[in-house]
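Novice: Dumping the structure here so I can ask a few things about it.
The values are calculated or read from the model by the stated rules, or taken from the named source; none is laboratory data. What you see is a predicted model, and the numbers here were worked out from it, not measured in a lab. In this analysis, Cβ positions are derived from the backbone assuming ideal geometry, glycine residues included, and neighbour counts consider all displayed protein chains. We work out accessible area using only protein heavy atoms, side chains counted, and drop any ligands, DNA or RNA first. Shrake-Rupley method; radii C 1.70, N 1.55, O 1.52, S 1.80 Å.
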Amino acid sequence: MKLAILSDVHGNRHALDAVLEDIALVGVDATLALGDFLSGPFDPVGVVDRLMGLGIPMVRGNHDRYIAEGRDDDWHIDAWVRGELGPAHLDWLRSLPLNAVHEGLVLLAHGTPRDDAIGWLDGMEGGNAVLQRREHVEREAAGFPYEVLVCGHTHVPRTVKLADGRIVVNPGSVGLPFDSGSPDAHYAIIEKRRSGWSVALHSIPYDWQGAAKLALDRGYPRWAEVVGSGWLKPREL
Ligand SMILES: [Fe+2]
């Protein structure tokens, strides 16, 4: 079984198209998507229309929930995104589950399986993303007996092996590369082999200038800087 994992598109259609094109080149059995699809001043309608047409397993992110619920006290951009969407888009956002299981082997979550707004593998210390304590990573996995647990939310690509051999994989962010040092789009390929699951974390160059221009045109220069450099932190938006 060979699967593509993508997360945290944040309305960046340029990055999403590049990742889906790369996945098509690689060839996979299925693509799984982990939420925070639309929150960003790029092309949320283009992203939601493309995603709704894919018919792939997906879970919601915390910002998908905020947009659907009408909450914008976390990121003000969520109010702008909500204004761009139609009723069918909002119904689709509301239909996304907190978790999903693919083929009985892979658990999909955005943050952790119980909370879409908590970082599973990375946390923030002094404004920097750092590997979470082992107890936290193991505790959040308790009660979810699947070979692979995939998550997003932190935008930091990482693979962790649990004490019992299960793995937790975060593919990083497709469309909003916080603190990664590169504007590239990130996603993961996981493959079940005789010796276990292999994980490949991919970094894909794409037309980030096109995404940055959209953010600038809409009056969001910091967002343009994030997609253009990959050096900003979430709190610097
Ligand atoms: Fe996100």
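Novice: Of the candidates 221, 183, 171, which one comes out as most mobile in a Gaussian network treatment of the chain with C-alpha springs shorter than 10 Å?
Specialist: 221
Novice: If a/c stays under 1.5 just call it rounded; otherwise compare a/b with b/c (prolate if a/b is bigger, oblate if not). Do that for the stretch 2-236, with a ≥ b ≥ c from the square roots of the Cα gyration tensor eigenvalues.
Specialist: Values: a/c = 1.44, a/b = 1.40, b/c = 1.03.
Rounded.
Novice: Roughly what would the spin-label model give for residue 195 and residue 231, points 7 Å off Cα along C-beta, in nm?
Specialist: 3.9 nm
Novice: Report, ordered by chain and residue number, the lysines lying within cross-link reach of residue 233, taken as a straight Cα distance under 24 Å and ignoring same-chain residues fewer than 8 apart.
Specialist: In chain and number order, the partners are 213.
Novice: Please give the helix 208-217 orientation as an angle from the longest Cα principal axis of the chain, in degrees from 0 to 90, rounded to the nearest 10.
Specialist: 40 degrees
Novice: Sort the following peptides by mean Cβ neighbour count (other Cβ atoms within 10 Å, averaged over residues), highest first: 150-158, 33-41, 18-26.
Specialist: Listed from highest to lowest mean packing, they are 33-41, 150-158, 18-26.
Novice: Now for a separate question. Looking at the stretch 29-125, which trypsin sites (Lys or Arg not before Pro) are in a loop (DSSP not H, G, I, E or B) and have at most 10 other Cβ atoms within 10 Å?
Specialist: Passing sites in the stretch 29-125 do not exist.
Novice: To the nearest 10 square angstrom, what accessible area does residue 56 show with a 1.4 Å probe?
Specialist: Number for this one is 40 Å².
Novice: Calculate for the chain the 222 nm mean residue ellipticity that helices alone would give, adding -39,500 (n - 2.57) per DSSP H run of length 4 or more and normalising by residue count, nearest 500 deg cm²/dmol. Numbers along the way, then the final one.
Specialist: Details: 8 runs with 77 residues, N = 237.
Helix contribution divided over all residues of the chain: -9500 deg cm²/dmol.
Novice: Can you give me the % of accessible surface on the stretch 1-153 that is carbon or sulfur? Probe 1.4 Å, all protein chains present, nothing else counted.
Specialist: Taking all protein chains in place, the stretch 1-153 shows 49 percent carbon and sulfur surface.
Novice: What lysines could a cross-link reach from residue 192, if we take a straight Cα to Cα line under 20 Å and drop same-chain neighbours fewer than 8 places away?
Specialist: Of all the lysines, those that pass the test against residue 192 - Cα under 20 Å, at least 8 places apart if same chain - are 2, 161.
Novice: Follow-up. Restrict the search to the stretch 191-227; then list the chymotrypsin sites (Phe, Trp or Tyr not before Pro) that DSSP places in a loop and that have at most 15 other Cβ atoms within 10 Å of their Cβ.
Specialist: Values: sites: 197, 206, 208, 223; in loops: 206.
When the chymotrypsin sites (Phe, Trp or Tyr not before Pro) of the stretch 191-227 are filtered for loop state and at most 15 Cβ neighbours within 10 Å, nothing remains.
Novice: What is the Cα centroid distance between the stretch 1-64 and the stretch 158-237, reported in whole angstrom?
Specialist: Comparing the Cα centres of the stretch 1-64 and the stretch 158-237, I get a distance of 12 Å.
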